[in-house]
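Below: the structure, in structure tokens.
Each reported figure results from applying straightforward, stated rules to the coordinates on display, with no laboratory input. Model, not experiment: these values are computed from the prediction. Glycine gets a Cβ as well: all are built from the backbone with ideal geometry, and neighbour counts include every protein chain shown.
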Amino acid sequence: MASIKLVLRTNQKDHTGKSPLYIRIIKDRKTKFITAGLKLKENDWDELKQRVKKSYPNSARMNAALAQKVADAEGQIADMERKVKTVSIKRIKEAIKGKEIPNFFEFSRKHCERIRNNVSISTYKNYHAYLDKFEKWVGTKDVYFDEITVSLLMDYMSYLSNVLKNGNTTQRYSIMILAIMFKEAIKEDKIPEHMYPFSKLKLKKDPSRRQFLKKEQFEEILKYKLDEKSKASVYRDMFIFSIFAGGLRFSDVLEFQVKHFNEEERRIQKVIRKTGRMHQFKIGQLALDIINKYKKENAEQDDFIFPVITNKELYLKDDEYRYTFIESANKAANFQLQRIAKKLEIPVKVTFHISRHTFATNALNNGMRIEHVSKLMDHRDISTTQVYAKIISEELDKAVDNYIY
């Protein structure tokens, strides 16, 4: 026999001091919760009498509605237990809520598995990470789509900001992943469109701040004395190579192979990992010198130029291994670059990715047409490249302010 009780879940208290009220069902020592659609402060709820206290506005109407919900739930359970000798607590909850509304986490996890082979490993892992984060905050996997309301999401955003101290960008992603799952559920006709709660949320966006190195700064890094056999030297050369090779991303430099370079034409031709598009462009002398420094004398076509990847076969065949290796090597590269920058007293947080920003801003500064910079960076839309033109304009404004009176 299942038991039903109204429970104020004070462990989910929001920033106003209110906690959500749930209908708790216990059967065979297993517990399920169904939202009662109400939030109260502890001193407004009478746990013993299972009622909202009289001092609370509209308490009589609220108590009548709560009593009806409990009665309906008890009726559903009684009907099911008459018809079926053994019924699971999950089936009871579905019957009370209405089976047409799916469990949010069950649907979302299944969706992630369905798209696993169609998205990058980083995207797949990020989806799961943000779902785990939300699940940890909610405190249960037993959450249905209709329980994720504007109010609940606002409380979650408050938690992200005030407790986890997440910045605006992290908060946006945390909410956007949940919104993607809602959109997919709507697309599959699992939930109605009116259940989508995200339209009423206001997500703040941090202004785009793209750091880059000035010419004299990356030249300092280039000239900095390092042990030629050290990893620091390899990562530094990869960083400089990226600056002089169209701002190639770390993963593309890491897995740059002999077959990707046409020596006669001094041209790189490679499928870019992030976009999946074939990209080709000519390189200058400094990038060529770095290739010649690392290219083995009797290299095979599938040999990597830079001596970082230790297990070529596993890297090329195993997606999971490749993802983990790229992530680990990128962190190692950033660590070495930041050490060098600190010793040179460069007032910029130097990560490998700013080689991309450095290429773009220096190319534009030197007079390269924005269309050409866009093409070299493999941007699909020139508006992406225009961000760098704006940076150059802002730098020019600063120069005027500082030197023209």
Apply 1/(1 + (r/R0)^6) to the Cβ-Cβ distance of GLU300 and THR140, taking R0 = 41 Å, and write down the FRET efficiency to the nearest 0.05. 0.15
Run the numbers for GLU193 and GLU265: contour at 0.36 nm per residue of separation, minus the present Cα-Cα distance, in nm. 20.4 nm
Express in nm, to one decimal, how much length is gained between LYS231 and LYS214 on full extension, taking 0.36 nm for each residue of separation and deducting their alpha carbon distance. 3.7 nm
The stretch 1-23 residues near the modelled VAL150 label - backbone nitrogen below 18 Å, point 7 Å along Cα→Cβ: 15-16
Could you check the simple spin-label distance between SER158 and LYS110, using points 7 Å along Cα→Cβ, in nm with one decimal? 3.4
Set LYS125/LYS183; LYS270/LYS349; LYS32/LYS204; LYS32/LYS187; LYS229/LYS282 screened for pairs whose C-alpha atoms are more than 24 Å apart: LYS270/LYS349; LYS32/LYS204; LYS32/LYS187; LYS229/LYS282
Directionally averaged shadow of the chain, computed from the convex hull of its alpha-carbon atoms, nm²: 28.9
Simple label model, 7 Å out from Cα along Cβ direction - SER88 to VAL387, nm: 4.6
For GLN280 and TYR224, calculate 0.36 nm times their separation in residues minus their Cα-Cα distance, and state this gained length in nm to one decimal. 17.1 nm
So what's the gap between the Cα centers of the stretch 95-155 and the stretch 219-270, to the nearest angstrom? 41
Given the alpha-carbon gyration tensor of the stretch 215-403, what are the semi-axes of its equivalent ellipsoid in whole angstrom, ordered largest first, with each equal to the square root of 5 times an eigenvalue? 28, 20, 16
What FRET efficiency, computed as 1/(1 + (r/R0)^6) with R0 = 41 Å and r the Cβ-Cβ distance, is obtained for HIS15 and LYS331, rounded to the nearest 0.05? 0.70
Could you give each residue of the stretch 53-69 its phi-based ³J(HN,Hα) in whole Hz, using Karplus coefficients 6.51, -1.76, 1.60 with θ = phi - 60°, and x for Gly or Pro? 5, 4, 5, 7, x, 6, 4, 4, 5, 5, 5, 5, 5, 5, 4, 5, 5
For labels at LEU314 and ASP132 in the simple 7 Å Cα→Cβ model, what's the distance in nm? 2.1
Volume per residue (Å³) of the convex hull spanned by the alpha carbons of the stretch 289-328 is 77
Largest-first semi-axes in Å of the equivalent ellipsoid built from the Cα gyration tensor of the stretch 104-200 are 20, 17, 12
